[in-house]
Amino acid sequence: MTPDYTLYLVTDSTPAILGDRDLPSVVRAAVKGGVTVVQYRDKMSETVDLVRTARQLHEVTRAHNVPLLINDRVDVALAVGAEGVHVGQEDMDLASARKLLGPDAIVGVSVGNADEAKAATAGGASYISIGAVFATPTYASSCLSFPQPQLSNNNVKRVRKENTKSILGPPGVRAILSCLRGYSPSIPVICIGGLNFSNIPRVLYQSRTSLDDPALSGVAVVSAIVAAQDPGVAAKQLRAQINTPPAFARPRMADSVAGLGEAEAKRRCLVEDGRVKAEMVVDVLRRVAETTPICHNMTNLVVQNFAANVALCIGASPIMSTTATEAPDLAALNGSLVVNVGTVTPDALANYQQALAAYNEKGGPVVLDPVGAGATQLRRNALRTLLSAGYFDVIKGNEDEIKAVATTAGAGAGIDTAAAQQRGVDSGASTLSDAQKAELVRAVAARERNVCLMTGRHDFVSDGARTFKVRNGHKFLGAITGSGCTLGTTIAACLAVKRDDTLLATLAGVLMFEIAAEKAGARPDVTGPGSFVPAFLDALWTLQGMYELGKADWLDAAMVDVCDV
Ligand SMILES: Nc1ncnc2c1ncn2[C@@H]1O[C@H](COP(=O)(O)OP(=O)(O)O)[C@@H](O)[C@H]1O
Ligand SMILES: Cc1ncsc1CCOP(=O)(O)O
């Protein structure tokens, strides 16, 4: 019988995680709650104790028809008649473990990259476990910070090695999963590393680019169950969560192009015969004006006032709040969030993460503006932290910022572009052709399973399936501070009212913003960036009046090209 890997528990017997409870009763509660596989992992105990505990655990798991696997120790698995073992890259090799345990035993292998995954698959692993998805204190607290005089030098080395495993993030997991497509599509694959109640839905979602992609067979957790106050309740909640699509999962054309049907795919094309479908764009903007969505900005110190004014001029209701404790209340108001790292600090970063979690839980749209992300190490780190912390519906930035996003994710994410040393918050000279820009935004959107917008004289936007180039805008936008940031605010307002097509909402925001800029820049009294700013706010305000009237002819100015990537 093929084991069910849906919720795979890896045990941890150290006081920091297990506390003063006994492991068999924690495991009993966990399997009753819905754990489907148990791996007994104990790097510290003497063999005699390992065998005794493994026996107790096996009694518990057998009673619930759940396989028990022993970490590393084939001898212990044989001694207690466990269903199998789990080996790492540093442990006994797969072939020897298989030989000792026989063809029916479960032999799982930890992998950290595509080559290891392919080797384990070819070598006859029963399943593979990809990790580490996120950094986790579990190994550190369980092994290194806890004095273990009996730990041999070899064990110390091995433990250190595990602690320094590279962090893959969901994109790294997906890269490995997709390498296995066509190679061995049927091998069960799970992932491990820092997984818990708040990040499992996103990992399951972002580890696939589309519904046609191979999916994970399950997730492995340690402290989310072993350290939980009630391991049984924790297991039950995790099982329920694994089976429920996350609140932020929206219908995406990229997910199901084939399943959409020709009529629906065409309807969502947005551009027909070289012209943008004006009524669809106007519908989004009218909804903003009529419903006044809350637009929560966690933005930099430079643009607070400008961003609030832009939001008001397009008909949204801005609130500039950088304190995460009020984010759950704001997320409940059905609006959207902008996370703009323009003046990021360590405290601010912690607040962004909490607010992101609050919006992700409610399914409220979130825009990430990684301002200056390619300029300093602090910003690169902040970007890495945010990309692992939650799901962003839209990531927007100038060329250098999008390059930073593309090169940030975990190993194996595989977007082929060079990171750029950004000049402050502005982008340096462009080094990419139009085709490369189109491919870059498509690849980021596909990797993150969201929408990516790269701004500049011309903008490129993609949801992984549809990619457009927008040729609107005005040179004064590039000559004032905060044009990119306030475009993020504008897009967030559109996302709040158009949740079933993130790309359309983004395109609507871009067009309104840039055509307003063209109208402002064309005014005879606008002679430079200084006079442009108030004229731009006026133009946004005037356009808002037009869509309230249902007028769409201003969109004749839209210049949107379909990119063939
Ligand atoms: N030279 C330009 N001509 C037309 N539009 C521009 C120009 N430079 C920037 N923009 C527009 O200004 C907005 C912000 O883009 P950008 O300046 O790239 O962002 P940032 O301020 O984040 O660096 C976008 O709408 C973009 O299209
Ligand atoms: C100048 C500056 N410094 C930190 S944030 C910021 C504003 C950047 O605005 P934008 O990226 O929209 O031009």
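The values are calculated or read from the model by the stated rules, or taken from the named source; none is laboratory data. Note that the coordinates shown come from a computational prediction; the quantities given were computed from them, not determined experimentally. Heads up, the Cβs are rebuilt from the backbone with ideal geometry, glycines too, and the neighbour counts pull from every protein chain shown. Heads up: the accessible areas ignore ligands, DNA and RNA and are worked out on the full protein's heavy atoms, side chains in. Shrake-Rupley method; radii C 1.70, N 1.55, O 1.52, S 1.80 Å.
When each of Lys498, Lys403, Lys469, Lys437 is tested for being open to solvent by less than 10 Å² (accessible area, probe 1.4 Å), among the basic types (Lys, Arg) and more than 8 Å from ligand 1 (Cβ to nearest atom), the lone residue that passes is Lys403. Please tell me if Ser186 is touching a helix residue (DSSP H, G or I) at 6+ places or on another chain (Cβ under 8 Å), at pLDDT below 90 and either part of a loop (DSSP other than H, G, I, E, B) or polar (S, T, N, Q) (or both). No: the conditions fail for Ser186. Among residues of segment 465-482 that are under 14 Å from Gly509 (Cα atoms) and outside the structural domain of Arg523 (by TED's automatic domain parsing), none has a beta-carbon under 9 Å from a residue that is within 7 Å of ligand 1 (Cβ to nearest atom) and in a loop (DSSP other than H, G, I, E, B) at least six positions away or on a different chain.
Tell me yes or no: at least one residue of segment 363-374 is more than 26 Å from His296 (Cα to Cα) and of a type outside the set (Val, Ile, Thr). Checking segment 363-374: not a single residue is more than 26 Å from His296 (Cα to Cα) and of a type outside the set (Val, Ile, Thr).
The residues listed here are Gly473, Gly530, Gly509; of these, the one that is within 26 Å of the chain's Cα centre (by Cα) and not basic (Lys, Arg) is Gly509.
When residues in segment 311-344 are screened for being in contact with a Pro (Cβ under 8 Å, 6 or more places away or on another chain) and either of a type in the set (A, V, I, L, M, F, W, C) or crowded, with 16+ Cβ neighbours inside 10 Å (or both), 8 of them pass.
Residues in segment 5-39 that are assigned to a loop (DSSP other than H, G, I, E, B) and in contact (Cβ under 8 Å) with a residue 12 or more places away in the chain: Tyr5, Thr6, Thr11, Asp12, Ser13, Thr14, Gly19, Gly34, Val35, Thr36. Considering segment 294-310, and only residues there that are of a type outside the set (Val, Ile, Thr) and open to solvent by less than 10 Å² (accessible area, probe 1.4 Å), the residue that is farthest from ligand 2 (Cβ to nearest atom) turns out to be His296.
Using the structure shown, decide if Ala520 is modelled with pLDDT of 95 or more, assigned to a helix (DSSP H, G or I), within 27 Å of Val302 (Cα to Cα) and away from ligand 1 (no atom under 16 Å from the Cβ). Here the answer is no, as Ala520 does not meet what is asked. Comparison of Pro24, Pro15 shows that the only residue that is open to solvent by 10 Å² or more (accessible area, probe 1.4 Å) and either modelled with pLDDT of 95 or more or among the polar types (S, T, N, Q) (or both) is Pro24. In segment 446-464, the count of residues that are of a type in the set (Phe, Trp, Tyr), crowded, with 24+ Cβ neighbours inside 10 Å and within 14 Å of ligand 1 (Cβ to nearest atom) is one or more. Screening the candidates Leu487, Leu511 for the property of being away from ligand 2 (no atom under 16 Å from the Cβ), part of a helix (DSSP H, G or I) and open to solvent by less than 10 Å² (accessible area, probe 1.4 Å) yields one hit, Leu511. The residue list Ala522, Ala435, Ala516 contains one member that is away from ligand 2 (no atom under 16 Å from the Cβ) and free of Cβ contacts under 8 Å to residues at least 60 places away in the same chain, which is Ala522. Restricting Glu264, Glu290 to those that are farther than 28 Å from Gly342 by Cβ, charged (D, E, K, R) and at pLDDT 85 or above reduces the list to Glu290. Within segment 315-333, the residues that satisfy the criterion of being assigned to a strand (DSSP E or B) and free of Cβ contacts under 8 Å to residues at least 40 places away in the same chain are Ser317, Ile319, Met320.
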